[in-house]
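Derivation of every value follows stated rules applied to the coordinates shown; laboratory data play no part. Keep in mind it's a predicted model, so treat the numbers as computed, not measured. Note: ideal-geometry Cβ built from the backbone for every residue, glycine included; neighbour counts use all protein chains shown.
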Amino acid sequence: MAIQKILIVDDSPTERYFLTDILVKNGFSVSTAENGEEALVKIKADKPQLILMDVVMPGQNGFQITRAISRDPETQDVPVIICTSKNQETDRIWGLRQGARDYLVKPIDPQELLAKIAALG
């Protein structure tokens, strides 16, 4: 099933706008959350088909939220792609260990992002 509904979780308004713009122009339905706690509420209310997760945010970080999503039976089938400025290999490995399906380093390349989404669909 092709992915349509995507939730962007990022505390940066600029980053949320940038990602939303790319996705909407490519036919996706997008919702956003400014932090992990808001993301968890939105996921329960209206389950997305994909989550783009920042790591460095106030409150719980993206790794913690990804782990919570991947361990919850209600949400564990929703793929998470971590989108972060943390570009160390150890961060990438840790993110994938928390349950993320993929890991992108900012600045996000629109074509790479769309290719990763297509690969999941």
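Normalised by the number of residues in the chain, what is the relative contact order in percent for Cα pairs under 8 Å and 6+ residues apart?
Over the chain, the number comes to 24 percent.
Give me Glu15, Glu37, Glu89 sorted ascending by neighbouring Cβ count inside 10 Å, so fewest comes first.
Ordered by Cβ neighbours within 10 Å, fewest first: Glu89, Glu37, Glu15.
Could you size up the charge dipole of the range 1-105 around its Cα centre, putting +1 on the beta carbon of Lys and Arg and -1 on that of Asp and Glu, and report it in debye to the nearest 20?
260
What residue among Ser85, Leu114, Gly59 has its Cα farthest toward the positive end of the dipole of the chain, where the charges are +1 on Lys, Arg and -1 on Asp, Glu, each on the Cβ?
Going by the Cα projections, it comes out as Leu114.
Evaluate the distance, in nm, between pseudo-label points positioned 7 Å from the Cα of Arg97 and of Gln64 along their respective Cα→Cβ axes.
In this crude spin-label approximation the distance works out to 1.8 nm.
Using helices alone, what [θ] at 222 nm do you get for the chain, with -39,500 (n - 2.57) per DSSP H run of 4 or more residues, divided over all residues and rounded to the nearest 500?
Here the helix-only value at 222 nm equals -13000 deg cm²/dmol.
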